[in-house]
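Note sheet for the following structure.
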Amino acid sequence: MASAPNRTIAQRMFARKSIAQVQRETQTSELKRSLGKWNLLLLGVGCIIGAGIFVRTGSAAALHAGPAVLLSFVVAGIVCAFAGLCYAELSSTLPVSGSAYTYGYTTLGEFVAWVMGALLLLEYGLAASVVAVGWSGYVVSLLADFGVVIPPQLTGPTGYPLVRDGVPVLVDGAPVTTLFNLPAFLVCALLAALLVVGVSESAKVNNIIVAIKVSVLAAFILVGGAIVLGNFTELAATNWVPFIPENQGDGKFGIDGIMRAASIVFFAYIGFEAVSTAGQEAKDPARDMPFGIIGSLVVCTVIYMLVAAVMTLLVPYQTLNVPDPVAVVVDNFGPQWGWLAKIIKVGAIVGLTSVVLVLMYAQTRIFYTMARDGLLPKVFSRVHPRFQTPAINTLLVGLVTAVAAGFFDINVLGDVTSVGTLAAFAIVCLSVIYLRRAAPELPRGFSVPFYPVLPVLGILSCVYLISTVPWSVLQFFLWYLLGAVVLYFLYGMRNSNLQHGEGQDEAPDMGEFPGPVVGD
């Protein structure tokens, strides 16, 4: 092992990988520039539409914004646009593969890359838990349609009152509390086992899953919209008055509630950054990337607003604080639509299953990359001799996501996920500013317009939405970051390959797995 150079702590913390070094480590083939602006827009729609709209919209409306959750989607979409343009510039400037972790390592240095890795654990690992809880809600609802009832005590987080239609369930006058979310725990465990054995999804399968998700939402909007239009005056007077409920403080309703809900429904946009990773395949990045990113965000925002409008018009928003809000609403379509309700629930379950799988996969590969960099123990980069997958790494991710999904409240998990993702997006915006100043000569296939205004707005808007979450969540987040920083100085800095002047070992071939084309 080469000895570490005699450098100061600050110099070691902000040591950077060269672009050439990352290119050597990234075993990729030449990518053909074949994607036009419409290809990128459709890719974005497929990436964005996913678990967020099926899972998080209900609690945002019920607890914070009421019917005005429609406006929260607009706010969240604008914040994502700022970050998305910054992702597009980085992906077109740094010809490397990898996540924001790699961007951080190449621009701001190792310490920032370590922090980004910790944030991505929240974005992918905990997001998988959130989606698994939503998956559980839809499975429980679908099974109930066929007369199969899972004991309600086994369908929620530990120690929380069991709620039905917004009202606590009482037995002998005492509230019933949930013990454990068994379906959510099991789906994480089973998908982790599948990832250990190895899973390969073709583009056709992914396209089918995207088609199912979009068809489910289209059916929901068309049928629900028809019911709404036929009874709009009555429904609006019952469920949309007032459209913005009176502010109750602490982010509950009013304008504050709309902003608080924006940090919640922000979860529904996670995945849009996958559009920026296609920068190397865009025919004309300078023209096509902003069209693909902004266009897909606009299309998805419109879809989300339509879904939210149908939800809040058909049922009182107070009843939507559940993991499966779409299921709650379709059950109110009427008995004649019972068959469609079952189809929509099946479609949601198929889509959510794939989302959990992709999120867990992404998390294992981030750990794998960090372990190969020496920032995590080498055991995380060790591959199974038969399955050619990082088995120990995958089992640990499966255990963490399963425990989080089984024991913790979906609202807490979702808030932590959103905070981690917003912080990661802010760092990406900062990376663009740094790289413009440090390496202005680098060729850029796409440049953020109105620089530096938009990157600065991206940072400020992300920080603002972070500030709207409950203090208890922020406390957890700050303690989590502090623990990550301590771990970096105790282990990461001491064992980093970069600090010791080492190159990486050749990466074993673990097969290909498509990116998060099924949404988050």
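The values are calculated or read from the model by the stated rules, or taken from the named source; none is laboratory data. Quantities reported herein were computed from a predicted structural model and do not represent experimental measurements. Ideal geometry is used to build each Cβ from the backbone, glycine not excepted, and the neighbour counts take in all protein chains shown. Remember, those area values only see protein heavy atoms, side chains included, never the ligands or the DNA or RNA. Shrake-Rupley method; radii C 1.70, N 1.55, O 1.52, S 1.80 Å.
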| remark: Listed by first then second residue, the pairs whose first member lies in the range 462-479 and is outside any helix (DSSP H, G or I), whose partner is surrounded by fewer than 16 Cβ atoms within 10 Å (Cβ to Cβ), with beta carbons under 9 Å and at least 6 positions apart or on separate chains, are Pro470/Asp250
| said: Residue pairs, Cβ under 6 Å, 6 or more apart or interchain, first in the range 62-90 and closer than 30 Å to Ser431 by Cα, second assigned to a helix (DSSP H, G or I) and among the aromatic types (Phe, Trp, Tyr). List them. | reply: Phe73/Tyr304; Ala76/Phe266; Ala76/Tyr269; Cys80/Tyr269; Ala83/Phe425; Leu90/Tyr103
| query | Can you tell me which residue in the range 236-276 is surrounded by the fewest Cβ atoms within 10 Å (Cβ to Cβ), limited to those that are of a type in the set (Asp, Glu) and part of a helix (DSSP H, G or I)? | reply | Asp256
| task | Look at Phe477 and say whether it is at pLDDT below 90, among the aromatic types (Phe, Trp, Tyr), out of contact with any Asp or Glu (no Cβ under 6 Å at 6 or more places or on another chain) and open to solvent by less than 40 Å² (accessible area, probe 1.4 Å). | result | no
| request: Go through Thr417, Thr394, Thr401 for me and flag whichever is touching a residue at least 24 places away in the same chain (Cβ under 8 Å), out of contact with any Leu (no Cβ under 7 Å at 6 or more places or on another chain) and in a helix (DSSP H, G or I). | output: Thr401
| query | Any residue in the range 421-439 that is among the small types (Gly, Ala, Ser), part of a helix (DSSP H, G or I), open to solvent by less than 10 Å² (accessible area, probe 1.4 Å) and closer than 24 Å to Leu478 by Cβ? | reply | yes
| For the range 88-113, what are the residues that are more than 27 Å from Pro290 (Cβ to Cβ) and open to solvent by 10 Å² or more (accessible area, probe 1.4 Å)? | Phe111
| task | Within the range 210-235, work out how many residues are touching a residue at least 40 places away in the same chain (Cβ under 8 Å) and under 32 Å from the mean Cα position of the chain (by Cα). | result | 15
| task | Would you be able to say whether some residue in the range 495-505 is open to solvent by 70 Å² or more (accessible area, probe 1.4 Å), under 27 Å from Met13 (Cα atoms) and either modelled with pLDDT under 85 or in a loop (DSSP other than H, G, I, E, B) (or both)? | result | yes
| task | Would you confirm whether any residue within the range 330-351 is open to solvent by 10 Å² or more (accessible area, probe 1.4 Å), under 18 Å from Ala189 (Cβ atoms), touching a residue at least 12 places away in the same chain (Cβ under 8 Å) and assigned to a helix (DSSP H, G or I)? | result | yes
| field | Residues located in the range 305-327, provided they are in a helix (DSSP H, G or I), over 18 Å from Ala268 (Cα atoms) and open to solvent by less than 30 Å² (accessible area, probe 1.4 Å) | value | Leu313, Leu314, Thr319
| field | Residues located in the range 346-368, provided they are among the small types (Gly, Ala, Ser) and closer than 14 Å to Gly198 by Cα | value | Ala362
| query | Which of the following residues is within 23 Å of the chain's Cα centre (by Cα) and small (Gly, Ala, Ser): Gly334, Gly338, Gly347, Gly374? | reply | Gly347
| message | I need the full set of residues from the range 448-461 which are over 25 Å from the mean Cα position of the chain (by Cα) and part of a loop (DSSP other than H, G, I, E, B), in order please. | response | Pro449, Phe450, Tyr451, Pro452
| said: Considering only residues that are in contact with a helix residue (DSSP H, G or I) (Cβ under 9 Å, 6 or more places away or on another chain) and open to solvent by 10 Å² or more (accessible area, probe 1.4 Å), which ones fall in the range 451-465? | reply: Tyr451, Pro452, Leu454, Val456, Leu457, Ile459, Leu460, Ser461, Val463, Tyr464
| task | Using the structure shown, decide if Ser200 is open to solvent by 40 Å² or more (accessible area, probe 1.4 Å), modelled with pLDDT of 75 or more and hydroxyl-bearing (Ser, Thr, Tyr). | result | no
